[in-house]
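Engineer: Please find one structure pasted underneath; my questions will follow.
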There are 2 protein chains.
Amino acid sequence: MRHVDVYRAIADRTRRAILDELVDRSGQSLFEICGRLTMKHGISSSRQAISQHLEVLEAAGLVRTRREGRSKLHWFVGAPLKAIGQRWPDSTDEDTSHSTEEDIEK
Amino acid sequence: MRHVDVYRAIADRTRRAILDELVDRSGQSLFEICGRLTMKHGISSSRQAISQHLEVLEAAGLVRTRREGRSKLHWFVGAPLKAIGQRWPDSTDEDTSHSTEEDIEK
DNA sequence: ATGTTATGCAAGCATAGACTTGCATGTCAA
DNA sequence: TTGACATGCAAGTCTATGCTTGCATAACAT
């Protein structure tokens, strides 16, 4: 699970919904996330599936966790997403400066 | 090839390099892109592979094309990327407002 | 017309990734 | 301790996707 880049992490629809959910309510446990994904997002994945998605998000640095008794709580971390918005210029903008793959990746 | 969302389009390393390349030099043909990807990015994919990547990028709205004789020229379009940067709040920011999947997707 | 150049199409392969299933681990309440 | 609760782990399945191969189409020069 090492070396999960942010781009791949947000490529999955369910993982994006998880991030939305964590932004809406911070510090949720796995069970809470599962429940709210089903209720509010119409996603019916198993607990294990959601757990694996959370592993990916954590490996990409988009989620931070903390054990609390028998629960594991999750927080959204937005910092890694900033690089994406800054990597390419605006449309119709033909700037000559540009960042290479190596600048951002890894 | 219909309904390629932007997130999946930029999930691939080679496609991100193609966007970088088109930002660096607008209006390149498929052959030019292939050559420069090999030279500058160390990517050794076949012409067909690059062509398929360009189809994905075009379907996602990230690339615009125009036929010019026997060549097909390509331009970068950055607009679809803006939504990504605006979807999630900054880190440490615990704003209650949030956009749902439906707001942006499709 | 013929050959070369630049791209398009379609079928097949092989790997990655999303998901499931079953069991194991650890925490808390009684 | 015992049992319920919350999560972790590992193997297997199935589909998506990146890539190749081979042939087809279209434009241009000679």
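Where a number appears in this text, it was derived from the coordinates with a stated rule and is not lab data. What you see is a predicted model, and the numbers here were worked out from it, not measured in a lab. Quick reminder, even Gly has a Cβ in these numbers, built from the backbone with ideal geometry, and neighbours come from all protein chains shown.
Engineer: If the label for B:D12 sits 7 angstrom from Cα along the Cα-to-Cβ line, what are its distances to the same label in every other copy, in nm to one decimal, shortest first?
Structural biologist: 2.0
Engineer: Compute the FRET efficiency between A:K82 and B:R47 as 1/(1 + (r/R0)^6), taking r as their Cβ-Cβ distance and R0 = 30 Å, and round to the nearest 0.05.
Structural biologist: Values: r = 35 Å, r/R0 = 1.16.
Calculated transfer efficiency: 0.30.
Engineer: Just flag the trypsin sites (Lys or Arg not before Pro) in region A:50-93 sitting in loop per DSSP whose Cβ has no more than 13 other Cβ atoms within 10 Å. Numbers along the way, then the final one.
Structural biologist: Working: sites: A:R64, A:R66, A:R67, A:R70, A:K72, A:K82, A:R87; in loops: A:R70.
In loop regions of region A:50-93 (DSSP not H, G, I, E or B), the sparsely surrounded trypsin sites (Lys or Arg not before Pro) are A:R70.
Engineer: If you rank A:T38, B:T65 by fewest surrounding Cβ atoms within 10 Å, what's the result? Don't skip to the answer; put the middle values down first.
Structural biologist: Numbers: A:T38 13, B:T65 16.
By the 10 Å Cβ count, ascending: A:T38, B:T65.
Engineer: If you don't mind, another one. Say each of B:K40 and A:K72 gets a label point 7 Å from the Cα, pointing the same way as Cα to Cβ; how far apart are those two points in nm?
Structural biologist: 4.2
Engineer: If you don't mind, another one. Between A:D90 and A:R25, what is 0.36 nm times their sequence separation minus the Cα-Cα distance? Round to one decimal in nm. List each step's numbers first, then the result.
Structural biologist: Working: separation 65, 0.36 × 65 = 23.40 nm, distance 3.17 nm.
Here the segment from A:D90 to A:R25 would lengthen by 20.2 nm.
Engineer: How large is the dipole of region B:6-82 about the Cα centre if only Lys and Arg carry +1 and Asp and Glu carry -1, each at its Cβ, rounded to the nearest 20 debye?
Structural biologist: Working: 14 positive and 8 negative charges, 15 e Å.
Roughly 60 debye for region B:6-82.
Engineer: Can you list, shortest first in nanometers, how far B:A79 lies from the same residue in the other copies, with each label 7 Å from Cα toward Cβ?
Structural biologist: Going from nearest to farthest copy, the values are 3.4 nm.
Engineer: Turning to a different aspect of this structure: Suppose you put the label 7 Å out from Cα in the Cβ direction; list, shortest first and in nm with one decimal, how far B:S45 is from each other copy's label.
Structural biologist: From this label point to the equivalent ones elsewhere in the assembly: 2.5 nm.
Engineer: Counting only other residues whose beta carbon sits under 15 Å from that of A:R70, what net charge do I get with K and R as +1, D and E as -1?
Structural biologist: Details: positive: A:R47, A:R66, A:R67, A:K72; negative: A:E32, A:E68.
It works out to a net charge of +2.
Engineer: Mind checking the full-extension length gain between A:M1 and A:R64? Use 0.36 nm per residue of separation minus the Cα-Cα distance, one decimal, nm. Don't jump to the answer; show the numbers that get you there.
Structural biologist: On the way: separation 63, 0.36 × 63 = 22.68 nm, distance 1.55 nm.
My answer for the length gained is 21.1 nm.
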